[in-house]
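J.: Would you mind keeping the following structure in view while I ask a few things?
Please treat every number below as a calculation from the coordinates, not as lab data. Quantities reported herein were computed from a predicted structural model and do not represent experimental measurements. No Cβ is skipped: glycine too gets one built from the backbone with ideal geometry, and neighbour counts run over all protein chains shown.
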Amino acid sequence: MLKSYKDLKVWQKAYELCLQVYKTTKRFPNEELYGLTSQLKRSAVSVPSNIAEGYGRKTTPEYIQSLYISYGSICELETQILLSGDLGYINDNNLNKLLKVIEEVERMLKALIKSLERRRKRG
């Protein structure tokens, strides 16, 4: 039984991704500080934050809604990571590592949403 949102594997993976994004953006050009760097950090923080917020909500529909927001943020983050790679801000090795984790978080979010939607329909 889960005691906290921190026990959720998807939250743990999203949190690690967020840390990776923060470390990666430290090497971005200064002129991107208020542009792409800021957007990447906001998107990255939004993913585990909305998982946590949803977990703390009183109803399953509220939880699912928060997970959909988190899913939207992971899609936004993926777009920004791809752009950063194309602009040469992230090397290919780092880019591939980040994209792999993003895909994993996307899959985990979809599975959790589907599971909660099935449970809601049954009960």
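J.: Quick check for me: using +1 on Lys/Arg Cβ and -1 on Asp/Glu Cβ, what's the dipole size of the chain about its Cα centre, in debye to the nearest 20?
T.: Details: 21 positive and 14 negative charges, 176 e Å.
Computed about the Cα centre, the dipole is about 840 debye.
J.: For Lys100, list the lysines whose Cα falls under 21 Å from its own Cα; do not include residues on the same chain fewer than 8 positions away.
T.: Within the straight-line limit of under 21 Å, Lys100 reaches these lysines: Lys9, Lys13, Lys23, Lys26, Lys41, Lys110.
J.: Another one. Rounded to whole Å and sorted largest first, what semi-axes of the equivalent ellipsoid does the C-alpha gyration tensor of the chain yield via the square root of 5 times each eigenvalue?
T.: 29, 13, 12
J.: A further question on this structure: At 222 nm, what helix-only mean residue ellipticity would the chain give, in deg cm²/dmol to the nearest 500, using -39500 (n - 2.57) for each DSSP H run of four or more?
T.: After summing the helix terms and dividing by residue count, I get -27000 deg cm²/dmol.
J.: Compare Ala14, Ala111, Ala52 in a GNM of the chain, Cα atoms joined below 10 Å, and give the one with the largest fluctuation.
T.: Ala111
J.: For Ser4, Ser49, Ser43, what's the fewest-to-most ordering of other Cβ within 10 Å of each Cβ?
T.: Ser4, Ser49, Ser43
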